[in-house]
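Enquirer: Quick one: this structure, given as structure tokens, is what I'll be asking you about.
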Amino acid sequence: MIRAVLTGTGSALPARRVSNAELAEQVDTTDEWIVERTGIRFRHIAGEGETTATLAVDACRAALTAASLAPADIDLIVLATATPDQTFPATATKVQAMLGIDDCVAFDVAAVCSGFLYAVQVADSMIRAGAAERALVIGAETFSRILDWEDRTTCVLFGDGAGAIVLEARESVDDVTDPGARGILATKLHADGRHNDLLYVDGGPSTTGTVGKLRMKGREVFRHAVVNLAAVMGESLALAGLTSDDVDWVVPHQANARILDATARKLGLAPGKVVVTVDQHANTSAASVPLALDTAVRDGRIKPGHIVVLEAMGGGFTWGASVIRF
Ligand code: COA
């Protein structure tokens, strides 16, 4: 059978890295509070000339090199973001032009922090349907530009960055327990729009005519996140015909170290199987999963044949998980 096989990963971060101590010079907070409540130590903040598109392009170039492909080989770009360069056109088309790709399908997906999971499901479905052969799937954000820097309950939590993967249509063994069954084995997505007021941006083209700033009721989001993420990981594994015992690595959305620990405990997963980068990158929304994935691929933790579960939850709420054999 044809599956979407992951053949390359890449990521990019803004040049400027900001520690908690540096943040505490402008915001009424402390390194101790941030580390204890979130596990965050650093975040990268985009400077002049760095945008969602430029970060995405750098991540794509690294992913293409890892996959031994040229930009012209790509026929689909799906870019997940809540911080596009412009309201329209889609940032994906800007990335396409910057990569020098003359013609392909290119569009953005908006599902906030779970946007990358939504983008993976869309690209995987198009590849299996024969509508695309080689896709760039990207999560890229510049949340620093929609933060209220006067609100210490949110501005310390987020950072900027981008991650990208290459998915290619490849012949793959049907039986998921066979090591030859490479590629995306299953994805499960959810949305529940009743929770708009817990995590949102207080502006938009059709309401205020402004971009708006991020608002969040952190405590409520935390509670929903642990329950939803453990459940959807179980659902995606069941869809794939696997159990948590089969999992080599979980690559979670990097929002808060306490959410990562609590979710792993609920699933009975050893903390050593969870990739954690929230300490270095903070919450980069749609970029967080592909950024963490690229980190663990490049440092050699994730190896060919490994079963990897990606998971995320974000504004909406939206949430989802994907099971992949590398
Ligand atoms: N520095 C210092 N103190 C801070 C602070 C900061 N940056 N932010 C909040 N506080 C204070 C609050 O004012 C409050 O003080 P009070 O008790 O005197 O009123 C106290 O810390 C506790 O605040 P609370 O919001 O109840 O803390 P918490 O333990 O719930 O932790 C979060 C806050 C945001 C870290 C936590 O709720 C969280 O991570 N939620 C999930 C957020 C998330 O992951 N969102 C993204 C999903 S995509």
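Enquirer: Based on Cβ point charges of +1 for Lys and Arg and -1 for Asp and Glu, what charge dipole magnitude is obtained for the stretch 2-171 about its Cα centre, in debye rounded to the nearest 20?
Expert: Working: 13 positive and 24 negative charges, 87 e Å.
That gives the stretch 2-171 a dipole magnitude of about 420 debye.
Enquirer: In addition: If you place +1 on the Cβ of every Lys and Arg, -1 on the Cβ of every Asp and Glu, and leave all else neutral, what size is the dipole of the chain about its Cα centre, to the nearest 20 Debye?
Expert: 480
Enquirer: Remind me, relative contact order of the chain in percent, using alpha carbon pairs under 8 angstrom and six or more residues apart?
Expert: That works out to 25 percent.
Enquirer: A further question follows. For residue 72 and residue 131 in one chain, what is 0.36 nm times their gap in residues minus the Cα-Cα distance, to one decimal in nm?
Expert: Working: separation 59, 0.36 × 59 = 21.24 nm, distance 1.66 nm.
Full extension of this stretch gives 19.6 nm more.
Enquirer: What dipole magnitude, in Debye to the nearest 20, does the stretch 183-325 give about its Cα centre under +1 on Lys/Arg Cβ and -1 on Asp/Glu Cβ?
Expert: Using Cβ point charges on Lys, Arg, Asp and Glu, the stretch 183-325 gives about 180 debye.
Enquirer: Counting only protein heavy atoms and using a 1.4 Å probe, what share of the accessible area of the stretch 150-229 belongs to carbon plus sulfur, as a whole percent?
Expert: Percent of accessible area from carbon and sulfur atoms in the stretch 150-229: 51.
Enquirer: Show that you can apply the helix-only estimate: for the chain, add -39,500 (n - 2.57) for every DSSP H stretch of four or more residues, divide by all residues, and state [θ] at 222 nm to the nearest 500. The partial results should precede the final answer.
Expert: On the way: 10 runs with 103 residues, N = 326.
So the helix-based figure for the chain works out to -9500 deg cm²/dmol.
Enquirer: Quick check on the stretch 2-171: take the gyration tensor over C-alpha atoms, sort the square-rooted eigenvalues as a ≥ b ≥ c, and tell me if it's rounded (a/c under 1.5), prolate or oblate.
Expert: Prolate, since a/c reaches 1.5 and a/b exceeds b/c.
Enquirer: Sticking with this one: If you rank 249, 149 by how much accessible surface each has, with a 1.4 Å probe, what is the order from largest down?
Expert: I get 149, 249, largest accessible area first.
Enquirer: If you don't mind, another one. By its C-alpha gyration tensor, with a ≥ b ≥ c as the square roots of the eigenvalues, how is the stretch 280-326 shaped: rounded for a/c under 1.5, else prolate for a/b larger than b/c, else oblate? Walk me through the numbers on the way to the answer.
Expert: On the way: a/c = 4.22, a/b = 1.46, b/c = 2.89.
Oblate.
Enquirer: At 1.4 Å probe size, with no ligands or nucleic acids counted, give the accessible surface of residue 22 in Å², nearest ten.
Expert: Residue 22 exposes around 60 Å² with every protein chain in place.
Enquirer: Using the Karplus equation 6.51 cos²θ - 1.76 cosθ + 1.60 (θ = phi - 60°), what ³J(HN,Hα) coupling, rounded to whole Hz, does each residue of the stretch 296-311 give in order, writing x for Gly and Pro?
Expert: 6, 6, 6, 8, x, 5, 8, 10, x, x, 5, 8, 10, 10, 9, 8
Enquirer: How many Lys pairs in the stretch 183-325 lie less than 27 angstrom apart by Cα atoms, where the lysines are 8 or more positions apart or on different chains?
Expert: So the count of such lysine pairs works out to 7.
Enquirer: What number comes out for accessible area per residue over the chain if the probe is 1.4 Å? Units Å², please. Mind showing how you got there, number by number?
Expert: On the way: 13230 Å² over 326 residues.
Solvent-accessible surface per residue comes out at 41 Å².
Enquirer: Work from the charge dipole of the chain (Cβ charges, +1 for Lys and Arg, -1 for Asp and Glu, about the Cα centre) and give the residue of 15, 256, 209 farthest towards its positive end.
Expert: The listed residue farthest towards the positive side: 256.
Enquirer: Could you please state, rounded to a whole Å, how far the C-alpha centre of the stretch 210-250 is from the C-alpha centre of the stretch 2-58?
Expert: So the separation of the two Cα centres works out to 21 Å.
Enquirer: Okay, next question. Report the accessible area of residue 197, computed with a 1.4 Å probe over the heavy atoms of all protein chains in place, in Å² rounded to the nearest 10.
Expert: Taking all protein chains as shown, residue 197 has close to 80 Å².
Enquirer: Determine the shape class of the chain: with a ≥ b ≥ c the square roots of the Cα gyration tensor eigenvalues, call it rounded for a/c under 1.5, and otherwise prolate if a/b is greater than b/c, oblate otherwise. Please list the in-between numbers first.
Expert: On the way: a/c = 1.62, a/b = 1.22, b/c = 1.32.
It comes out oblate by the Cα gyration axes.
Enquirer: Could you work out how much longer the chain between residue 86 and residue 98 gets when fully extended? Use 0.36 nm per residue separation minus the Cα distance between them, nm to one decimal. Before the final figure, lay out each step's value.
Expert: Details: separation 12, 0.36 × 12 = 4.32 nm, distance 1.51 nm.
Gain in length upon complete extension: 2.8 nm.
Enquirer: Compute the signed sum of charges (Lys and Arg +1, Asp and Glu -1) over the other residues within less than 11 Å, Cβ to Cβ, of residue 241.
Expert: Its environment carries a net charge of -3.
The values are calculated or read from the model by the stated rules, or taken from the named source; none is laboratory data. Please read all numbers here as calculations on a predicted model, not as lab measurements. Because the Cβ atoms are built from the backbone with ideal geometry, glycine has one as well, and the counts that use them run over all protein chains shown. Surface accessibility is based on the protein's heavy atoms, side chains included, excluding ligands, DNA and RNA. Shrake-Rupley method; radii C 1.70, N 1.55, O 1.52, S 1.80 Å.
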